[in-house]
Amino acid sequence: MKAHRSFKDKYLLSTLIVSAVVAVLTHFPEVLSLSDHFEQHALFPEMNYVDVLNEILFTFISLLFLFWINTRIFRFGTTLVRVTKGKIILSFLLTWAFSSLLGQLFVWLHHRFDIPAIDAMVHHYLHPLRDLIIAGIIAGSNYIIHLIHKQQCIVIENEELHTESVRHQYESLKNQLNPHMLFNSLNTLQSLIRESPSKALEYTQELSRVLRYSLQDNDMQSVSLAEEMQHAEAYMFLMKMRYEENLLFSINIDDDMAGLHLPPMSIQLLIENAIKHNEISNRNPLTISIHTEEGPALVVCNRIQAKRQAAPGPGIGLDNLAKRYRLLWQQEILISTENDMFYVRLPLHQPDNESTHH
């Protein structure tokens with residue numbers, strides 16, 4: 001509805017501009033001759049400024065009427081009209097006929113009510129040519145306006161399709177997260193129930209907080225670092241209950257970066273990735289560091305403590321996160337290995353309403 005109304009407003013504005021310009025240009029010889037007294041007396045005897053202005057005004061009104069006739073008959077001012085060559089030819093012929101009739105009407109009004117007008121013979125000879133030009137301009141203008149609007153609609157539709165495709169891809173990626181996390185959490189809960197029912201109860205309470213976060217933010221494409229850290233701390237609590245003193249976390253977040261954005265559940269995915277691919281035992285405790293740095297960026301790193309039986313492939317974590325960054329910001333996450341340390345750097349972004357809300 002808004003697009004239709006917007007097109008009607010643009011069509012009306014276009015017709016006003018075209019009518020004003022054409023009304024002046026079709027009487028340009030008369031306007032020019034007003035500054036040349038010799039030519040004025042030779043071509044347009046006894047013509048004055050009032051006559052010319054009245055001719056221009058009547059032409060302007062006639063052009064608006066002709067545009068209105070075309071709109072009523074051929075519906076050029078609507079978004080759903082199908083413009084064909086035959087319709088343009090009919091528009092040209094009809095406009096030509098109406099323009100001629102309007103010219104005759106003005107001549108009649110001039111003689112009947114003494115309305116100011118140009119009586120010069122050369123002016124009357126120019127009328128048929130002007131009617132032809134006006135018909136061509138109106139038919140052509142309608143066709144050009146239609147083509148421009150059609151092209152704009154195609155561009156908008158392509159953008160909407162692209163946006164919908166990106167949104168669909170993004171939601172497909174996000175929908176993979178909850179089943180993956182739930183599967184791992186239930187395995188952990190099963191172990192805790194056997195080992196310590198009291199810990200299992202506490203674990204269940206924290207698990208409900210984690211799941212509530214993922215469900216509440218299911219329609220969010222990005223969240224603030226502060227929100228993400230609150231969720232990550234709940235998830236870290238779950239992991240520490242499982243691994244106890246064998247899993248440690250070092251956190252250093254710059255308060256100035258707390259309002260910057262990243263995809264939801266990013267930190268959880270990186271923690272999962274570190275736990276999945278590294279040995280965690282009394283002999284080799286694992287420390288996961290989470291800190292911010294200039295860029296701005298969030299860095300999650302850990303010492304490489306490869307398991308004897310390596311987990312197959314990168315899994316859902318890093319691949320999922322990398323795809324979400326490409327879809328949201330056309331940007332890559334940075335993964336590196338330095339001095340037996342594994343680093344993942346996540347760029348942080350200013351909040352964007354379009355990427356924050358679905």
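The values are calculated or read from the model by the stated rules, or taken from the named source; none is laboratory data. All values derive from a computational prediction rather than experimental measurement. Here the Cβ is made from the backbone with ideal geometry for all residues, glycine too, and neighbour counts use every protein chain on show. Surface accessibility is based on the protein's heavy atoms, side chains included, excluding ligands, DNA and RNA. Shrake-Rupley method; radii C 1.70, N 1.55, O 1.52, S 1.80 Å.
Brief remarks follow.
- Of Lys240/Lys276; Lys240/Lys323; Lys199/Lys276; Lys199/Lys240, pairs whose Cα-Cα distance is over 19 Å: Lys240/Lys323; Lys199/Lys276
- Largest to smallest accessible area among Ser222, Ser336 [probe 1.4 Å]: Ser336, Ser222
- Rolled with a 1.4 Å probe across the full set of protein chains, the surface gives Cys153 an accessible area near 40 Å².
- Annotation: amide H of Ala297 within the under-5 Å range of Leu348, sequence separation 5 or more or interchain, hydrogens built in the peptide plane.
- In order through the stretch 18-35: 3J(HN,Hα) via Karplus (6.51 cos²θ - 1.76 cosθ + 1.60), integer Hz, x for Gly, Pro: 4, 4, 5, 5, 5, 4, 6, 5, 5, 10, 5, x, 5, 4, 5, 6, 5, 8
- When Asp131, Asp340 are compared by accessible surface with a 1.4 Å probe, the order from highest to lowest is Asp340, Asp131.
- Sulfur and carbon atoms: percent of accessible area, the stretch 200-307 [1.4 Å]: 46 percent
- Other-chain or far-sequence residues with amide H under 5 Å of Leu248's (modelled H): Leu286, Thr287, Ile288
- Rolled with a 1.4 Å probe across the full set of protein chains, the surface gives Lys10 an accessible area near 110 Å².
- Among 98-106, 275-283, 54-62, sorting by the average number of other beta carbon atoms lying within 10 angstrom of each residue, highest first, gives 54-62, 98-106, 275-283.
- A 1.4 Å probe run over the stretch 239-347, with the rest of the protein chains in place, finds 50 Å² accessible per residue.
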